[in-house]
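What follows is a single structure, written as structure tokens, with notes after it.
The values are calculated or read from the model by the stated rules, or taken from the named source; none is laboratory data. Quantities reported herein were computed from a predicted structural model and do not represent experimental measurements. Every residue, glycine as well, gets a Cβ built from its backbone with ideal geometry; the counts of neighbours run over all protein chains shown.
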């Protein structure tokens, strides 16, 4: 059973470009969460999605950030017009419909130059 | 506002020692408390978790102690090994339909041979 998959693992973008981060949850998992980790910091919740629904986006910056989890395909975290402060590791986690545990992917390390 | 406070920031023990990492929380609505282990460049891996109706849980060399009245919980690693050297994060989850995790800032554990 494959774990949570994220791609790309590393992404370099210039200021002003767009970044698209993808997450495929574990098989059977329908809940997806995105977290951001800054250097020397813990993980900060960004958004919680179920298939075709955003359940909680209270941790998402109001501008430039968006997330989706379509009926088919991976969940996407999209950052428009990236700035240096967006440089971080972005982790996706998934959980089953009735489970407590969240399992994390390997992360995407975004560097904005 | 940091809702989960973790200490110490870093910890060095000798092989065979028993490192203890502590976390405290304020929000009495939290109902699930996992611990994650993270190696450099990797995603957090779920180690062990506890719910407030239990005061202690053991899985292999890892033990969680939970004090509901004090709103504190801790991770103990028995017979620690150099391979346990990693960053450990405690987390807490709110009750209800929102399953987002609130993380502590992490503890960097070094186990010397």
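Suppose we keep only residues that are more than 9 Å from chain B (Cβ to nearest Cβ), at pLDDT below 95 and part of a loop (DSSP other than H, G, I, E, B) within the range A:79-110. Which one would you say is farthest from residue B:49 (Cα to Cα)? Among residues in the range A:79-110 that are more than 9 Å from chain B (Cβ to nearest Cβ), at pLDDT below 95 and part of a loop (DSSP other than H, G, I, E, B), the one farthest from residue B:49 (Cα to Cα) is A:97. Kindly indicate the residue of the range A:45-61 that is surrounded by fewer than 16 Cβ atoms within 10 Å (Cβ to Cβ) and part of a strand (DSSP E or B) and also farthest from the chain's Cα centre (by Cα) among those meeting that condition. Checking each candidate, the answer is A:53. Scanning the range B:28-45 for residues that are in contact with a strand residue (DSSP E or B) (Cβ under 6 Å, 6 or more places away or on another chain) and either more than 18 Å from residue A:42 (Cβ to Cβ) or in a strand (DSSP E or B) (or both) returns B:29, B:30, B:32, B:33, B:34, B:35, B:36, B:37, B:38, B:45. Selection over the range B:78-104 of residues that are under 19 Å from residue B:32 (Cβ atoms), within 11 Å of chain A (Cβ to nearest Cβ) and crowded, with 16+ Cβ neighbours inside 10 Å gives a count of 12.
Is the range B:53-66 home to any residue that is in contact (Cβ under 8 Å) with a residue 40 or more places away in the chain, over 20 Å from residue B:113 (Cβ atoms) and part of a loop (DSSP other than H, G, I, E, B)? Looking for residues that are in contact (Cβ under 8 Å) with a residue 40 or more places away in the chain, over 20 Å from residue B:113 (Cβ atoms) and part of a loop (DSSP other than H, G, I, E, B), one finds none in the range B:53-66, hence no. The residue of the range A:68-77 that is farthest from the chain's Cα centre (by Cα), among those that are surrounded by 22 or more Cβ atoms within 10 Å (Cβ to Cβ) and assigned to a strand (DSSP E or B), is A:75.
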